[in-house]
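Reviewing the structure listed below.
The values are calculated or read from the model by the stated rules, or taken from the named source; none is laboratory data. Not measured: the values here are computed from a predicted model. Positions of Cβ are generated from backbone atoms using ideal geometry, with glycine treated the same way; all protein chains shown enter the neighbour counts.
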Amino acid sequence: MEVPLLGGTANRGRVHRVGDTVRRPLRATSTATHALLRHLEEVGFEGAPRVLGVDDAGREVLSYVPGRALTAPAPAWGLTDDALRSVGQLLRRFHDATAAFDPAPYRWSHPAPAPFDGRGIAHNDPNLDNVVFRAGRAVALIDFDLAAPGSPVWDVAAAARLWAPLRDPVDTTDVRRGRELERARILLDAYGLDDAGRAAFVQALRDSHAWMIGIVREGATHGVPGFAAYWTPEAAARQERAMAWLDRNADALDEALRAP
């Protein structure tokens, strides 16, 4: 029996659980993603699915990661500061595990732009529904479709934007509202971002936001169903408010997130 898995945008309605496996569409960059996942398995990183092959329908077969991702509406336990700390710690373990991986032989979908295209691998989409929790702690990342070369601060900025969240508070309707800077600091401290990363964080944050908007807008323009459904005039307005909020609060962010 195939059970649809909720969450996601680009592959919405096309990801299914079959027993202890997950079946997902193959992509032009699947070879790269599978090489990355196999590397993570080889180095003993437990926080990612394993590549199991391709099924008779031509879909990639991955191991199912038990636990719960934060699909909307996010449960209260997933919005606690302790849950946020565990996200930062998980992201750090992921970056440490990928430090020795060579991405050069592979084709990637959306590598980070300069100056964040240096050594490292970014998950690139550490959204709430792409992090698996068990017992209130983040234990695994899923949905590596956008994984690509990128510096650690690029990924940390994306995570902070989504989890703090760093956007106009008018668009946050849960307990995180009004705690944007405080929660961003919690995430960066839990990750252990160094001084150089903190100095580059605000630029990475703005660039990451614009980069992701471009991917979604392009997908909607080309008729990708999930992106087309998401990219409504209201969604576009929310993203404009988020960018304006980042511009207004750039100095406050820089000050609040400096290392002690």
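Taking interchain pairs and intrachain pairs at least six residues apart, which have beta carbon atoms under 7 angstrom, with the first residue in region 227-245 and in the same structural domain as Asp171 (by TED's automatic domain parsing) and over 22 Å from Glu180 (Cα atoms) and the second of a type in the set (Val, Ile, Thr) and surrounded by 12 or more Cβ atoms within 10 Å (Cβ to Cβ)?
Phe227/Thr9; Phe227/Val216; Tyr230/Thr9; Tyr230/Val216; Trp231/Val216
Return the residues of region 1-51 that are surrounded by fewer than 14 Cβ atoms within 10 Å (Cβ to Cβ) and in a strand (DSSP E or B); say none if nothing qualifies.
Val3, Pro4
From the list Gly178, Gly197, Gly150, exactly one residue is touching an Asp or Glu at 6+ places or on another chain (Cβ under 8 Å) and modelled with pLDDT of 95 or more. Which is it?
Details: Gly178 fails: touching an Asp or Glu at 6+ places or on another chain (Cβ under 8 Å); Gly197 fails: touching an Asp or Glu at 6+ places or on another chain (Cβ under 8 Å).
Exactly one of Gly178, Gly197, Gly150 is touching an Asp or Glu at 6+ places or on another chain (Cβ under 8 Å) and modelled with pLDDT of 95 or more, namely Gly150.
Counting only residues that are touching a helix residue (DSSP H, G or I) at 6+ places or on another chain (Cβ under 8 Å) and either crowded, with 17+ Cβ neighbours inside 10 Å or of a type in the set (A, V, I, L, M) (or both), how many does region 76-88 have?
Qualifying residue count, region 76-88: 7.
Among the residues of region 10-50, write down those that are under 20 Å from Ala99 (Cβ atoms), of a type in the set (Val, Ile, Thr) and touching a strand residue (DSSP E or B) at 6+ places or on another chain (Cβ under 9 Å).
Thr33
Could you tell me whether any residue of region 9-29 is of a type in the set (Val, Ile, Thr), touching a His at 6+ places or on another chain (Cβ under 8 Å), closer than 30 Å to Thr221 by Cβ and outside the structural domain of Met212 (by TED's automatic domain parsing)? Even if it seems obvious, please write down each step before you answer.
Taking region 9-29 and keeping what is of a type in the set (Val, Ile, Thr), we get 9, 15, 18, 21-22, 29.
Now narrow it down to the ones that are touching a His at 6+ places or on another chain (Cβ under 8 Å): 22.
Pick out the ones that are also closer than 30 Å to Thr221 by Cβ and you get 22.
From the residues that got through so far, the ones that are outside the structural domain of Met212 (by TED's automatic domain parsing) too are 22.
Taking every residue of region 9-29 in turn, at least one turns out to be of a type in the set (Val, Ile, Thr), touching a His at 6+ places or on another chain (Cβ under 8 Å), closer than 30 Å to Thr221 by Cβ and outside the structural domain of Met212 (by TED's automatic domain parsing).
Can you find even one residue in region 197-206 that is over 19 Å from the mean Cα position of the chain (by Cα), of a type in the set (A, V, I, L, M) and exposed (fewer than 13 other Cβ atoms within 10 Å of the Cβ)?
So far as region 197-206 goes, no, none of its residues is over 19 Å from the mean Cα position of the chain (by Cα), of a type in the set (A, V, I, L, M) and exposed (fewer than 13 other Cβ atoms within 10 Å of the Cβ).
Criterion first (touching a Ser or Thr at 6+ places or on another chain (Cβ under 9 Å) and in contact (Cβ under 8 Å) with a residue 24 or more places away in the chain) does Ala190 satisfy it?
yes
Considering only region 78-88, I want to know if a residue exists there that is among the hydroxyl-bearing types (Ser, Thr, Tyr) and touching a residue at least 24 places away in the same chain (Cβ under 8 Å).
Checked region 78-88: at least one residue is among the hydroxyl-bearing types (Ser, Thr, Tyr) and touching a residue at least 24 places away in the same chain (Cβ under 8 Å).
Pull up region 52-70, narrow it to residues that are assigned to a loop (DSSP other than H, G, I, E, B) and at negative phi, then point me to the one that is nearest to the chain's Cα centre (by Cα).
Leu70
Quick check: is even one residue across region 95-117 in contact with a Lys or Arg (Cβ under 8 Å, 6 or more places away or on another chain) and farther than 20 Å from Ala190 by Cα?
yes
Six or more apart or on different chains, Cβ under 6 Å: which pairs go from a residue in region 6-18 that's at pLDDT 80 or above to one that's in a strand (DSSP E or B) and of a type outside the set (Phe, Trp, Tyr)? Could you list them?
Cβ pairs passing all conditions: Arg14/Pro25; Val15/Arg24; His16/Pro4; His16/Arg23; Arg17/Val3.
Quick check, is Ala99 among the aliphatic types (A, V, I, L, M), loosely packed, with under 15 Cβ neighbours inside 10 Å and outside the structural domain of Phe227 (by TED's automatic domain parsing)? Walk me through how you get there before you give the answer.
Numbers: among the aliphatic types (A, V, I, L, M): yes; loosely packed, with under 15 Cβ neighbours inside 10 Å: yes; outside the structural domain of Phe227 (by TED's automatic domain parsing): no.
Criteria not met by Ala99.
Yes or no: Glu60 charged (D, E, K, R) and buried (at least 19 other Cβ atoms within 10 Å of the Cβ)?
When the stated conditions are applied, Glu60 passes them.
Can you find even one residue in region 186-199 that is closer than 15 Å to Leu246 by Cα, out of contact with any strand residue (DSSP E or B) (no Cβ under 8 Å at 6 or more places or on another chain) and assigned to a helix (DSSP H, G or I)?
no
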